[in-house]
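> Questions regarding the structure given below will be posed in turn.
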Amino acid sequence: MGTTANLIAFYTLGTLIIVSSVLAVTSKRMLRAATYLLLVLLGTAGLYLLLNYHFLMGVQLSVYAGGILILFIFAILLTSAKGDKFEPRDKQKVIYGIVAALAGVAVTLFVTLKYKFLFPDNPTIAGDQEINMKVIGQALVGTEKYQYLLPFEILGILLLACAIGGILIARKR
Amino acid sequence: MMWIDNILRTYLGDTWALIAEFVLIAIALLTVYAVLALILIYAERKICGFFQCRIGPNRVGKWGILQSVADMVKILLKELIHINRADHFLFRLASFVIIAASICTFAALPFADGAHIIDFNIGIFYLLAVSSLGVVGILMAGWSSNSKYTMIGAMRSGAQLISYEISAGLSLLTIVILSGTMQISEIVAQQSEMWFIFKGHIPACLAFLTYLIAGHAETNRGPFDLPEAESELTAGYHTEYSGIQFGFFYLAEYLNMFIIAGIASTMFLGGWMPFHIPGWDSFNGIMDYIPSAVWFFGKTFFCVFLALWVRWSFPRLRIDQLLNLEWKILMPICLINLILMTLIVVL
């Protein structure tokens, strides 16, 4: 894809992500906040698409947008009545929140500026060829260097434990 | 297609040519989408008529062919009714979310040899991921309409879609194991000798059946049309919508039926690949003369006909029967089927 088109797409997605993440926090109605969160997640998926990392885009869409967000919405629909709004925020919490956000921005900026990127002039160039699904799959279950069988298995066990715990909590006595 | 690309590049430069091509493809896609919806609505009404020993639409044009065009004009002219105390932003957004998810899935279908818009390395995974976004739109529509019918419809629909997605995904995975790839063009190419439904022995046939059932349930159509059960919920999650906003839901429903049928024909019946029998070279040569688009649409409309047949033959399920069918019958079958297929591929 052309460089200009890449940049245009990047800035459009960036604006979408920033605007909707601010709206997700400031919105007074719960389901609207969830909808803005959906836009943030879709925008992030768009960024992965821009990098030609299609696998991560698919995961982002199906796990976050199609899975977790639907759980959120279900929980909101089941627990809150129509017209429920957030309580007015108390001032101290707002200040703490802003401080935490600024600290987050500082850390991210520091890391981004400090790190030596492979293509500092044009970050989108790295994604000019598609990353093959086979490579990802073999990296996940291989045992050599830069292959991740052990973390993969440990995460699998963790997930299993969480699933059993969830069933135990939800089970009727 | 290359000559269009060349002309655009000489006059506009690379970036603008690219953008112009995106727009052209989008327009073509939307046109096909809308025209297919008209055809499907006409087919549904006609076939439904035959099943119920009626004639079906027969006033507008010869055999009523122009009936759905007339309906389209009517729905475009209708008033959009303003709902009191609804969340208008979400109310309007919902119909767009549903139609956008549907079009994203639609774009990944291989319509003919070479006419394939989105062909990622993760093809099938992309299809599953994008089609799961439609649920968000349904839940949004149900909640923002400020009515209990829509709310109950949306909850039912959400539960149904999330459950049946598992079976649909597992049955597609069976074919992914058989072919060893997720790229749709590659899957179609591998069926040039024989379609997967014949190549994959019993597991492929089973997967075809489970996919048809699960996919049919995902489109929210009878006998799985609980979300819009007319007698209980008026029209389910889109009760409050009017005019073209309702039209969007209507369009997405019909096209989702087409998409499910299209995926089924791509994965199991060879997509645009003609019917080939290994060894029968002259027979295969004759089959190749039939254009690939005819093969794809023929197989897809065959699957659509199966869906209509089921819809007008079976009574509606209850919600507990519906969820039992998925979690206690369909999903175990799919899991065992997956293991069977793995064994066949390995041995």
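The numbers here are math on the coordinates, done by the rules we state, and not lab data. Worth saying up front: this structure is predicted, and the values here are computed from it rather than measured. Virtual Cβ from ideal backbone geometry, glycine too; neighbours counted across all protein chains shown.
> Please report the spacing between the Cα centers of the stretch A:1-58 and the stretch B:53-91 in Å, no decimals.
The two parts, judged by their Cα centres, are 34 Å apart.
> Still on this structure, please answer the following. Which helices, taking whole DSSP H runs in chain A, have alpha carbons extending 24 angstrom or more along the helix axis plus mean Kyte-Doolittle at least 0.5?
Once both thresholds are applied, what remains is A:3-26, A:30-50, A:91-114, A:149-170.
> Please give the average number of partner chain Cβ atoms lying within 10 Å of the Cβ of each residue in B:112-125, rounded to a whole number. All intermediate terms of the calculation are to be shown ahead of the outcome.
Values: counts 0, 0, 0, 0, 0, 0, 1, 0, 8, 11, 11, 3, 1, 8.
Neighbouring Cβ atoms belonging to other protein chains average 3 per residue here.
> Calculate the FRET efficiency for B:LEU80 and B:PHE51 from the Cβ-Cβ distance with a Förster distance of 51 Å, rounded to the nearest 0.05.
Efficiency, rounded to the nearest 0.05: 0.90.
> Please give, to one decimal in nm, the separation of the simple spin-label points placed at B:LEU12 and B:THR234, each 7 Å out from Cα toward the Cβ.
4.5
> Specify, per residue and in Å³, the volume enclosed by the convex hull of the alpha carbon atoms belonging to chain B.
Dividing the Cα hull volume of chain B by its residues yields 168 Å³.
> Please identify the DSSP H helices in chain B that span no less than 18 Å along the helix axis (Cα) and have a mean Kyte-Doolittle hydropathy of 1.0 or more. Don't skip to the answer; put the middle values down first.
Working: long enough: B:14-51 (54 Å, 1.72); B:88-106 (28 Å, 1.81); B:148-179 (46 Å, 0.95); B:201-218 (26 Å, 1.06); B:243-267 (36 Å, 1.21); B:292-311 (29 Å, 1.41); B:331-346 (23 Å, 2.63).
Going by DSSP H runs, the hits are B:14-51, B:88-106, B:201-218, B:243-267, B:292-311, B:331-346.
> Please tell me the relative contact order of chain B in percent, rounded to the nearest whole number, where contacts are Cα pairs under 8 Å and at least six residues apart. Write out the running numbers ahead of the final one.
Values: 477 pairs, mean separation 73.0, N = 347.
Relative contact order, chain B: 21 percent.
> Another one. Taking every residue in B:14-22, how many Cβ atoms of other protein chains lie within 10 Å of its Cβ, on average?
Going residue by residue through B:14-22 and averaging, the value is 3.
> While we're on this one: A:LYS91: which lysines have alpha carbons under 28 Å from its alpha carbon, excluding same-chain residues fewer than 8 sequence positions away?
The reachable lysines, counting only those whose Cα sits under 28 Å from A:LYS91, are A:LYS28, A:LYS82.
> For the residues A:LEU102, B:LEU29, B:LEU93, what sequence is obtained by ranking on other C-beta atoms within 10 Å, fewest first?
A:LEU102, B:LEU29, B:LEU93
> Please give every one of the lysines within straight-line cross-link reach of A:LYS114, meaning a C-alpha to C-alpha distance under 28 Å, and leave out same-chain neighbours fewer than 8 residues apart.
A:LYS145
> Would you mind computing, in nm to one decimal, how far apart the modelled labels at A:ASP90 and B:ILE4 are, each placed 7 Å from Cα along Cα→Cβ?
For the pair A:ASP90/B:ILE4, the computed spacing is 6.2 nm.
> Still on this structure, I have one more. Based on the alpha carbon coordinates of the protein assembly as shown, what radius of gyration and maximum Cα-Cα distance (Dmax) apply, in Å?
24.6, 82
> Obtain the radius of gyration and the Kirkwood radius of the stretch A:132-173 from its C-alpha atoms and give Rg over Rh.
Numbers: Rg = 15.2 Å, Rh = 12.0 Å.
So for the stretch A:132-173, dividing Rg by the Kirkwood Rh gives 1.26.
> Note the full-extension length gain between B:ALA115 and B:ARG59 as 0.36 nm times their separation in residues minus their Cα-Cα distance, in nm to one decimal. Before the final figure, lay out each step's value.
Numbers: separation 56, 0.36 × 56 = 20.16 nm, distance 3.57 nm.
So the extension gain works out to 16.6 nm.
> On to the next question. Within chain B, what is the longest stretch that has no GluC sites (Glu not before Pro) placed in a DSSP loop and near at most 15 other beta-carbon atoms within 10 Å? If you can, show how the numbers build up before the last one.
Numbers: sites that count: B:GLU79, B:GLU193.
Answer - B:194-347.
> Also, quick follow-up: To the nearest 500 deg cm²/dmol, what mean residue ellipticity at 222 nm is calculated for chain B from DSSP H runs of n ≥ 4 alone, each contributing -39,500 (n - 2.57), summed and divided by the residues?
-22500 deg cm²/dmol
> Simple spin-label model, 7 Å along Cα-to-Cβ: A:THR26 to B:TRP327 in nm?
4.2
> Per residue and in cubic angstrom, what volume does the convex hull of the Cα atoms of the stretch B:116-214 have?
In the stretch B:116-214, the Cα convex hull volume per residue is 96 Å³.
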